1. Hey, could you check region 99-110 for residues that are in contact with a Pro (Cβ under 8 Å, 6 or more places away or on another chain) and either of a type in the set (Val, Ile, Thr) or surrounded by fewer than 17 Cβ atoms within 10 Å (Cβ to Cβ) (or both) and say which is nearest to Val194 (Cα to Cα)?
2. I'm trying to understand the selection: among the residues of region 195-224, which are crowded, with 17+ Cβ neighbours inside 10 Å and not in a helix (DSSP H, G or I)?
3. Which condition breaks for Ala277 when tested against (1) surrounded by fewer than 20 Cβ atoms within 10 Å (Cβ to Cβ); (2) under 26 Å from Leu29 (Cβ atoms)?
4. Check Val228 against each of (1) assigned to a loop (DSSP other than H, G, I, E, B); (2) of a type in the set (Val, Ile, Thr); (3) surrounded by 19 or more Cβ atoms within 10 Å (Cβ to Cβ) and name the one condition it does not meet.
5. Filter region 87-113 down to residues that are closer than 22 Å to Pro182 by Cα and in a helix (DSSP H, G or I), then give me how many there are.
6. Any residue in region 253-267 that is touching a Phe, Trp or Tyr at 6+ places or on another chain (Cβ under 8 Å), hydroxyl-bearing (Ser, Thr, Tyr) and under 30 Å from Asp350 (Cβ atoms)?
7. So if I check each of Ser150, Ser113, which one is surrounded by fewer than 15 Cβ atoms within 10 Å (Cβ to Cβ) and at pLDDT 95 or above?
8. Can you tell me which residue in region 325-359 is farthest from Asn259 (Cα to Cα), limited to those that are among the β-branched types (Val, Ile, Thr) and surrounded by fewer than 19 Cβ atoms within 10 Å (Cβ to Cβ)?
Amino acid sequence: MGDADSTDGSGATASAVASATSAAPAGGLDARLVVDRGAFSLDVALTAAPGDVLALLGPNGAGKTTALRALAGLAPLGDGHLRLDGRSLRDTPPEARPVGVVFQDYLLFPHLSALDNVAFGPRCQGLSKAEARALAATWLDRMGLAGHASVKPRRLSGGQAQRVALARALATRPRLLLLDEPLAALDARTRLDVRAQLRRHLAEFEAVAVLVTHDPLDAMVLADRLVVIEGGRAVQEGTPGEVARRPRTDYIAHLVGLNLYKGHADGHTVRLADGPAIITADDLTGPAFVAFPPGAVTLHRDRPTQSSARNVWRVRVAGLESHGDQIRADLTGELPLAADLTTVAAAELDLHPGVTVWASVKAAQTHAYPA
């Protein structure tokens with residue numbers, strides 16, 4: 001199921017992690033997942049109330065899939081606990097857990113129709129064939145697939161197969177729904193439509209849903225809370241807005257499109273350990289992060305003398321690439337950073353790898369916050 005896990009060397013410390021061990025909800029999920037796989041170990045605490053959608057976000061090899069497998073009972077816990085609605089599932093076999101799973105490749109039974117794929121779980125729970133098929137028909141109708149009940153998986157589009165897989169998982173009335181990269185197999189246009197449909201279905205789901213993804217847009221759109229995992233540990237947790245506004249690792253900053261630095265704040269100045277000082281609009285004292293978007297960076301061929309920007313650095317163009325309708329410049333030098341500019345501006349500056357330019361950022365366009 002998904003990626004193999006390996007240590008990513010992020011070096012994140014426990015002090016940089018938002019607490020994931022708050023009081024467990026009366027119902028819902030309360031887990032500390034500890035899995036030892038030799039060269040890789042996972043130790044992540046997760047809590048979620050009924051109705052919550054929790055997204056596990058992180059790079060390949062971070063431990064997201066191992067966490068999902070532990071919740072499903074497919075990876076045994078070496079330590080920790082797993083409680084769902086107050087009931088321990090630690091020693092409960094996978095088939096006896098009130099858990100529904102939507103796999104990355106959906107894993108629909110190729111020889112069964114869409115209707116019988118959805119009816120499979122209810123049949124395993126003891127419903128008669130007629131009862132299970134009636135329930136499956138109801139779920140297909142809710143997914144907008146009533147006209148595809150007799151269709152085999154090979155004749156379904158990617159979006160239709162995803163909805164059949166979701167219906168199959170929900171038809172068993174799970175108390176925990178696990179979604180393993182549920183949109184990864186879709187093309188860009190289909191992904192947009194299915195993401196909107198999935199958001200609606202998850203909003204109606206009354207139990208806990210846990211979504212594993214490496215796509216920040218999927219996480220931001222679908223989840224109520226994010227847990228970012230790197231190297232088998234949670235490095236940040238919060239609402240999508242909180243995580244996007246205050247990234248705490250380079251990985252998260254890259255995902256949300258920010259330049260991120262760590263240093264020591266003294267008033268409006270943050271001095272970096274291995275770099276220059278950055279002047280900010282925020283007044284802080286102590287360890288601090290500073291972040292600003294690539295669009296806040298202005299490039300000049302000569303050192304600016306008329307600019308009101310208080311931050312000016314001499315940098316070298318390391319690379320250029322298209323980024324939407326703009327050009328993103330990868331810059332090294334006094335302060336490594338990324339800058340976004342229009343194609344016209346890049347041409348006027350005659351930007352190319354190796355050229356030296358000056359980068360400026362206004363203090364008001366930076367955001368500093370405690371580390």
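1. Val102
2. Phe205, Ala207, Val208, Ala209, Val210, Leu211, Val212, Thr213, His214, Asp215, Ala223
3. Tallying (1) surrounded by fewer than 20 Cβ atoms within 10 Å (Cβ to Cβ); (2) under 26 Å from Leu29 (Cβ atoms), Ala277 fails exactly one: (2).
4. Among (1) assigned to a loop (DSSP other than H, G, I, E, B); (2) of a type in the set (Val, Ile, Thr); (3) surrounded by 19 or more Cβ atoms within 10 Å (Cβ to Cβ), the lone unmet condition for Val228 is (1).
5. So the answer is 2.
6. Checking region 253-267: at least one residue is touching a Phe, Trp or Tyr at 6+ places or on another chain (Cβ under 8 Å), hydroxyl-bearing (Ser, Thr, Tyr) and under 30 Å from Asp350 (Cβ atoms).
7. Ser150
8. Step by step, filter region 325-359, then rank; the result is Val344.
The values are calculated or read from the model by the stated rules, or taken from the named source; none is laboratory data. As the structure is a prediction and not an experimental result, all values here were calculated from the model. Glycine also receives a Cβ, built like all others from the backbone with ideal geometry; neighbour counts cover every protein chain displayed.
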